[in-house]
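Reviewing the structure listed below.
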Amino acid sequence: MNHDSSTVNHSRQQAEGSLVKKALLTRNQEIAKGIYEMELVEPDLAAAARPGQFVMLSISKGLEPFLRRPFGIAGIEPQKGSIRLIYQLAGRGTKQMAAWEAGRPVELLGPLGNGFAWENGPGRAVLAGGGMGIAPLLPLAKALRSLNKEVTVFLGARSLDLVFGIKELGQAGCQVQLATEDGSAGAAGFVTLPLEAYLQKNAGSSAGNSSSAQLQGLYACGPTPFLKAVSGLCDRYSITAQLSLEERMGCGLGACMGCTVQIKDSAGKIKQQRVCYEGPVFKAEEVVFHG
Amino acid sequence: MNHDSSTVNHSRQQAEGSLVKKALLTRNQEIAKGIYEMELVEPDLAAAARPGQFVMLSISKGLEPFLRRPFGIAGIEPQKGSIRLIYQLAGRGTKQMAAWEAGRPVELLGPLGNGFAWENGPGRAVLAGGGMGIAPLLPLAKALRSLNKEVTVFLGARSLDLVFGIKELGQAGCQVQLATEDGSAGAAGFVTLPLEAYLQKNAGSSAGNSSSAQLQGLYACGPTPFLKAVSGLCDRYSITAQLSLEERMGCGLGACMGCTVQIKDSAGKIKQQRVCYEGPVFKAEEVVFHG
Amino acid sequence: MADLKVNLAGLALDNPVMAASGTYGFGREFLKFYPSSLPGAIMAKGLTVEPTAGNPTPRIAETPAGMLNSIGLQNPGVDAFIAEELPWLKSQGARVIANINGHSLKDFEEISRRLSAATGLDAIEVNISCPNVDNGGMFFGTDPALAAQVTKVVKKHCRVPLIIKLSPNVTDITAIAKAVAAEGADILSLINTLLGMAIDRKTRRPVLARQVGGLSGPAVKPVALRMVWQVAQTVDLPIIGMGGIVSAEDAIEFFLAGAAAVAVGSGNLTNPYCIPEIVAGISQWLDQEGYVSINDIRGLALPGH
Amino acid sequence: MADLKVNLAGLALDNPVMAASGTYGFGREFLKFYPSSLPGAIMAKGLTVEPTAGNPTPRIAETPAGMLNSIGLQNPGVDAFIAEELPWLKSQGARVIANINGHSLKDFEEISRRLSAATGLDAIEVNISCPNVDNGGMFFGTDPALAAQVTKVVKKHCRVPLIIKLSPNVTDITAIAKAVAAEGADILSLINTLLGMAIDRKTRRPVLARQVGGLSGPAVKPVALRMVWQVAQTVDLPIIGMGGIVSAEDAIEFFLAGAAAVAVGSGNLTNPYCIPEIVAGISQWLDQEGYVSINDIRGLALPGH
Ligand SMILES: Cc1cc2nc3c(=O)[nH]c(=O)nc-3n(C[C@H](O)[C@H](O)[C@H](O)COP(=O)(O)OP(=O)(O)OC[C@H]3O[C@@H](n4cnc5c(N)ncnc54)[C@H](O)[C@@H]3O)c2cc1C
Ligand SMILES: Cc1cc2nc3c(=O)[nH]c(=O)nc-3n(C[C@H](O)[C@H](O)[C@H](O)COP(=O)(O)OP(=O)(O)OC[C@H]3O[C@@H](n4cnc5c(N)ncnc54)[C@H](O)[C@@H]3O)c2cc1C
Ligand SMILES: Cc1cc2nc3c(=O)[nH]c(=O)nc-3n(C[C@H](O)[C@H](O)[C@H](O)COP(=O)(O)O)c2cc1C
Ligand SMILES: Cc1cc2nc3c(=O)[nH]c(=O)nc-3n(C[C@H](O)[C@H](O)[C@H](O)COP(=O)(O)O)c2cc1C
Ligand code: FES
Ligand code: FES
């Protein structure tokens, strides 16, 4: 992703050297209920990674599990030569990962896919993360803050014990608005409610806005129904948005056509695009939601 | 195996409690080229194990590899609560085992099968091991020595770097005769040559024997062609022998009929018997060799 | 506690987890681990009219997430089963299903005739799908007309629920299912093993003495699930699902695919406690998900649910 | 250094390790890892006459030592292949095999007619065995007469070696092999995927949107090996063996079973360097075992060797 581009730019950040990397696991700990954070040191990876990109982790050298596992990059620290992943226990792959100890070499492919795009210079951005969708927004929030943008992050989770990243976002100078479905913290209910309230107030012309800077766009990641709702809001309030999508993946490389989504261009023509290759980040108005 | 029985006795040494055991790996080191020795602590197992019995090791908790792996018990130390296994790198199971570090819990089934039988009191025994077949003869040699029997052990190996157990046998007070196929140590050629020379001298009536005690029997373990040759010698020199057989195993428990061999009774009637259950030790004269 | 009882066309079982034929002998070897009454039923080792020696060894090969076997129906013959194994198993409180095999229709007729005199038998399973014998065996299971004939012949003498065990080595398993259903099969069990092979790079030869063998274990689970799911949509008979079940999770998938009960085969070889662990795991899962009975989850993954 | 060159009915390749159709796109994605000229040949993603969108997602599920896919032949259509992908691949020095599909004989005729005008194509592979499309697809591959018809239709327009790709979802794969051999197939490739299914315990539904999918990966290797071994004994055509090959050891087993060349499918997804590693591994093994050519080990595990 090119930081200088002013629109979503799907040109690939070509990785230096091979995409197959061996990284050193330096930290692996539970940060919320059933949610772990892993730090991996691999300087080339850390230098090349952009917010919104992902990696395919190899869980075992053998056949079990057979496929690699995709995880969004949740932290990028080129100075330390490290990236971070935040993952939730889902099945046997993540269960094995949770047992890994620091010092272990981890094989992965990455960075993969195209990250988020943004305009250079100041401005205002809204980020909305549902559940694990918060993870890939963390490095994005920091990148936007480093350009001195005002960043408001809406975090939605089922309950407080599944929330992570708030402190990190606060330290980076983001406004954080939390909603939990069970009301255990922040607003009760879906995070799309406070998000809608915010958009209502802040969208459109910057006149009458609660903030001075212009709202440049919205970035969202989370479960499909959440993205669909966010997409609807953006449509209603005429806000351009970028969505990070998920699909079950075979290769993560663009070869198997396993992760195809329907993307419609401005003329309304539908194309098949690969989440792993043309995505995972797409313009909200281009994404065709089914069902 | 009942130590008091004077003939091969296939009654099963009933294990106390469950056959499924979790043992602690306390040592795992290379003792010859590509040959490793593993010490496992599990007091019930050490107390129940008899020379000639085996265990089925679980290599992984998952599906890879799928089946357990059979290994003869190569050392029994009830006082230390431990047993030893000696294994050669053969494929992916043994390769994984070689990487295990002390402190690891190892799941296994055992002790399984029926061990060797011997007469109580002094006497004289010959043991013949080919290749890895030496492993299960080690605890047998010690048990026989503890009854003050004279024990001569014939060890055959492809070359010197694959030989193990000599020192242990020497310390236990056994006579050891080594033969290597490449002549790198001991007699050159197959170990059946010096064995035959020995049997020629010592078989039959104890009159004219080089030793005073009576030759009570021969115990052999090794590859099938070796066992077949040994069996032929025993036949020729009218020596009763016990052979420990190998077959590819499914369950190790007697349930799958994977490890069947043909055993003929004294009337010449052929029965199907399971190496894992009625064996692995059989009387030489009962074993039907094919091909 | 959820109710694990199932009733398959009159075959009433305390729980739906059976031991698959050929992986459990006649139950004796597992007595060291748990009572023979624990499995929903024990499908005994495949029987033939006369005692059978089986194939030469090696009979076992390992494959990725699975195994091959070419046992070749080694068994003491149906009479020994009736005289010794069946009474012993019944004395242990086990539910017993005889698994029968033949090289000809006459064989099937004879073995079912002899079994009709046995007391205590809970069901008969007809193996028309064994890939490990030369004549008969799988042959009967790959042609709808032949499968129907075997069913008819056995049905004549069968006084207990009749299970036909289907072969996965066919183009269309639903055609076989329909054919045997039409001739009076009460229950279907599937799948038997897939015909496979392993080659030894060192010797350059097949690993198994018989060259080919039957593939089982987790590797075949996707094929087994698909076939159960297809057959459940085709015929209205209870299905005993098997093929690769080694955990409660696996078993639950078969119920969702439409099975009324399941059987564990290779899993018994790698983990002698496989069946009790699966029974406990299913029970726990049903409770956790709020189901009252195992029958409540049957077929939930079928179209139209 | 052992000679890795093979010649399959005129299809001469520098090495016998190909990329299997559908797992390698049109080669572009692997250029990041190694040159497109490295594989013996690239079997391009399955083509249809018109551009095809494929099936809804999820299209991928993981299974023990394997995977299911239900891509449904998403592709840009044969014309785009001829205009863009083929010239590009040839400019990279690749050997290119077009994988063609159809819902009707007319489709097969049309697509082969269009391909007959393409320059640079090294062979055509006819997929009569895709389990992931509703009409046609596997249907043609499960009946000897239909398989023969497709072969005949394509043969008419085919100016390059003609490969027929067989389905494993059949009772007797040798019958199909004989039928297509009789109509002029030059080479056989096998196996395509086994029809399978995965069920999600949480949703109680099939994992794949299309419910069933094609099983591939190491899990199916024993079935693939058996079929190659059977077909090699039945017809006198060179065989491209595939199904579960992820290592040089796997590949060698296929040669021993009678394959003249091999292809790597799912292995490309889990390890982008799978093909070069296998090429190097085969070469090393041949040297170590003292073989002069890969052709020397072909069929060593067949009866009579
Ligand atoms: C681009 C992308 C980025 C992702 N980023 C994250 C992240 O940052 N943190 C996180 O916790 N999770 C993330 N996921 C989801 C994550 O990949 C799955 O939770 C994980 O693969 C589950 O593996 P498992 O073995 O534990 O579960 P299993 O249930 O055993 O998985 C079985 C199979 O299904 C696939 N699978 C299961 N769930 C998903 C899913 N939701 N999406 C895609 N494939 C799935 C697995 O890859 C595997 O092939 C991401 C997915 C994608 C596609
Ligand atoms: C009763 C018995 C006692 C044994 N004792 C010893 C011992 O003390 N030390 C030792 O080094 N080896 C012993 N073996 C052989 C040992 O079991 C095999 O070498 C080992 O299982 C190979 O496993 P692997 O995964 O490394 O090889 P792989 O080639 O990957 O094995 C693949 C499969 O073949 C089976 N297998 C391979 N070789 C043999 C074999 N020779 N016998 C039986 N099964 C085999 C494995 O169990 C496995 O299922 C014994 C075998 C038996 C039957
Ligand atoms: C060692 C072994 C022996 C078997 N013998 C028989 C048999 O005698 N009769 C029969 O119907 N099925 C037999 N089977 C097939 C199993 O009953 C079962 O159908 C198959 O293994 C699939 O289940 P699994 O994957 O759980 O093993 C045998 C399977 C194995 C592994
Ligand atoms: C994702 C995927 C897509 C596939 N698409 C095709 C295809 O378009 N045409 C075809 O003939 N085979 C297709 N196949 C089958 C493979 O070419 C191959 O026959 C099969 O996967 C077995 O090999 P493997 O076990 O090495 O994957 C596909 C397989 C996979 C995994
Ligand atoms: S996962 Fe293979 S193309 Fe995207
Ligand atoms: S290994 Fe199963 S009976 Fe011996």
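Residue B:32 meets each of the listed conditions (1) away from chain C (no Cβ under 14 Å); (2) closer than 25 Å to residue C:67 by Cβ; (3) more than 9 Å from ligand 2 (Cβ to nearest atom) apart from (2). The numbered conditions (1) within 8 Å of chain C (Cβ to nearest Cβ); (2) more than 24 Å from residue A:257 (Cα to Cα); (3) of a type in the set (D, E, K, R) are all true for residue D:202 except (1). Inside the stretch D:15-64, residues that are assigned to a loop (DSSP other than H, G, I, E, B), over 26 Å from residue A:18 (Cα atoms) and touching a residue at least 40 places away in the same chain (Cβ under 8 Å) make up a count of 9.
The residue pairs whose first member lies in the stretch A:118-132 and is assigned to a helix (DSSP H, G or I), whose second member is among the β-branched types (Val, Ile, Thr), and whose beta carbons are closer than 8 Å, counting only pairs six or more residues apart or on different chains, are A:132/A:35; A:132/A:86.
Screening the candidates D:68, D:73 for the property of being part of a loop (DSSP other than H, G, I, E, B) and either within 16 Å of ligand 4 (Cβ to nearest atom) or more than 21 Å from residue A:274 (Cβ to Cβ) (or both) yields one hit, D:73.
For first residues located in the stretch C:78-89 and more than 18 Å from residue C:113 (Cα to Cα) and touching a residue at least 12 places away in the same chain (Cβ under 8 Å), partners that are part of a helix (DSSP H, G or I) and among the polar types (S, T, N, Q) and lie 6+ apart or on another chain with Cβ distances below 8 Å do not occur. Listed by position, the strands (runs of 3 or more DSSP E) inside the stretch B:21-89 whose residues that are more than 16 Å from ligand 6 (Cβ to nearest atom) number at least 2 are B:35-41, B:75-77, B:82-88. The selection criterion, being among the polar types (S, T, N, Q), closer than 28 Å to residue A:248 by Cα and more than 16 Å from ligand 5 (Cβ to nearest atom), does not hold for residue D:233. Of the residues B:204, B:208, B:170, only one is in the same structural domain as residue B:149 (by TED's automatic domain parsing), surrounded by fewer than 16 Cβ atoms within 10 Å (Cβ to Cβ) and modelled with pLDDT of 95 or more; which? None of the others qualify; the one that does is B:170.
Residues in the stretch A:248-275 that are within 13 Å of ligand 4 (Cβ to nearest atom) and either under 14 Å from the mean Cα position of the chain (by Cα) or among the small types (Gly, Ala, Ser) (or both): A:250, A:252, A:254, A:255, A:258. Among the residues of the stretch C:263-305, those that are farther than 19 Å from residue C:4 by Cα and within 21 Å of the chain's Cα centre (by Cα) comprise C:265, C:266, C:267, C:268, C:269, C:270, C:271, C:272.
Provide a single number: the residues in the stretch C:96-113 that are within 16 Å of ligand 3 (Cβ to nearest atom) and either in a loop (DSSP other than H, G, I, E, B) or touching a helix residue (DSSP H, G or I) at 6+ places or on another chain (Cβ under 9 Å) (or both).
9
Picking from residues in the stretch A:120-167 that are among the polar types (S, T, N, Q) and surrounded by fewer than 18 Cβ atoms within 10 Å (Cβ to Cβ), the one that is nearest to residue A:35 (Cα to Cα) is A:159. The residue list D:153, D:160, D:212, D:180 contains one member that is of a type in the set (A, V, I, L, M, F, W, C) and surrounded by 24 or more Cβ atoms within 10 Å (Cβ to Cβ), which is D:180. Scanning the stretch B:236-269 for residues that are within 16 Å of ligand 2 (Cβ to nearest atom) and β-branched (Val, Ile, Thr) yields B:260, B:261, B:263. Sub-8 Å Cβ pairs linking a first residue in the stretch D:206-219 that is more than 16 Å from residue D:264 (Cβ to Cβ) and more than 8 Å from every other protein chain (Cβ to nearest Cβ) to a second residue that is part of a strand (DSSP E or B) and basic (Lys, Arg), at least 6 apart or interchain, number zero. Determine the pairs where a residue that is within 14 Å of another protein chain (Cβ to nearest Cβ), located within the stretch A:69-91, has a partner that is assigned to a loop (DSSP other than H, G, I, E, B) and more than 11 Å from ligand 1 (Cβ to nearest atom) with Cβ atoms under 6 Å apart, the partner being 6 or more residues away or on another chain. From the stretch A:69-91, no pairs qualify. Right, residue C:45: basic (Lys, Arg), within 14 Å of ligand 6 (Cβ to nearest atom), under 27 Å from residue B:70 (Cα atoms) and more than 17 Å from the chain's Cα centre (by Cα) or not? For residue C:45, the condition - basic (Lys, Arg), within 14 Å of ligand 6 (Cβ to nearest atom), under 27 Å from residue B:70 (Cα atoms) and more than 17 Å from the chain's Cα centre (by Cα) - is not met. Is one or more of the residues making up the stretch D:67-76 surrounded by fewer than 22 Cβ atoms within 10 Å (Cβ to Cβ) and more than 11 Å from every other protein chain (Cβ to nearest Cβ)? No, the stretch D:67-76 contains no residue that is surrounded by fewer than 22 Cβ atoms within 10 Å (Cβ to Cβ) and more than 11 Å from every other protein chain (Cβ to nearest Cβ).
The residue of the stretch A:222-262 that is nearest to the other protein chains (Cβ to nearest Cβ), among those that are within 16 Å of ligand 5 (Cβ to nearest atom) and within 11 Å of residue A:284 (Cβ to Cβ), is A:245.
Residues checked against (1) in contact (Cβ under 8 Å) with a residue 60 or more places away in the chain; (2) within 30 Å of residue D:244 (Cβ to Cβ); (3) surrounded by 21 or more Cβ atoms within 10 Å (Cβ to Cβ):
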residue: A:22; (1), (2), (3): yes, yes, no
residue: A:29; (1), (2), (3): no, no, no
residue: A:32; (1), (2), (3): yes, no, no
residue: A:38; (1), (2), (3): yes, no, yes
residue: A:62; (1), (2), (3): no, yes, no
residue: A:66; (1), (2), (3): no, yes, yes
residue: A:100; (1), (2), (3): yes, yes, no
residue: A:107; (1), (2), (3): yes, yes, no
residue: A:110; (1), (2), (3): yes, yes, yes
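Right, residue B:97: in a helix (DSSP H, G or I), under 30 Å from residue A:60 (Cα atoms) and modelled with pLDDT of 95 or more or not? Yes: the conditions hold for residue B:97.
Remark: pairs (first residue in the stretch D:221-235, at the interface with another protein chain (Cβ under 7 Å from one of its Cβ atoms); second residue among the charged types (D, E, K, R); Cβ separation under 8 Å; 6+ apart in sequence or on different chains) = D:221/D:250; D:221/D:253; D:225/D:253. Please specify each residue of the stretch B:244-291 satisfying the condition of being more than 14 Å from ligand 3 (Cβ to nearest atom) and among the small types (Gly, Ala, Ser). Matches in the stretch B:244-291: B:244, B:266, B:267, B:268, B:279, B:284, B:291.
The values are calculated or read from the model by the stated rules, or taken from the named source; none is laboratory data. Since we're looking at a predicted model, the values are computed, not measured. Glycine also receives a Cβ, built like all others from the backbone with ideal geometry; neighbour counts cover every protein chain displayed.
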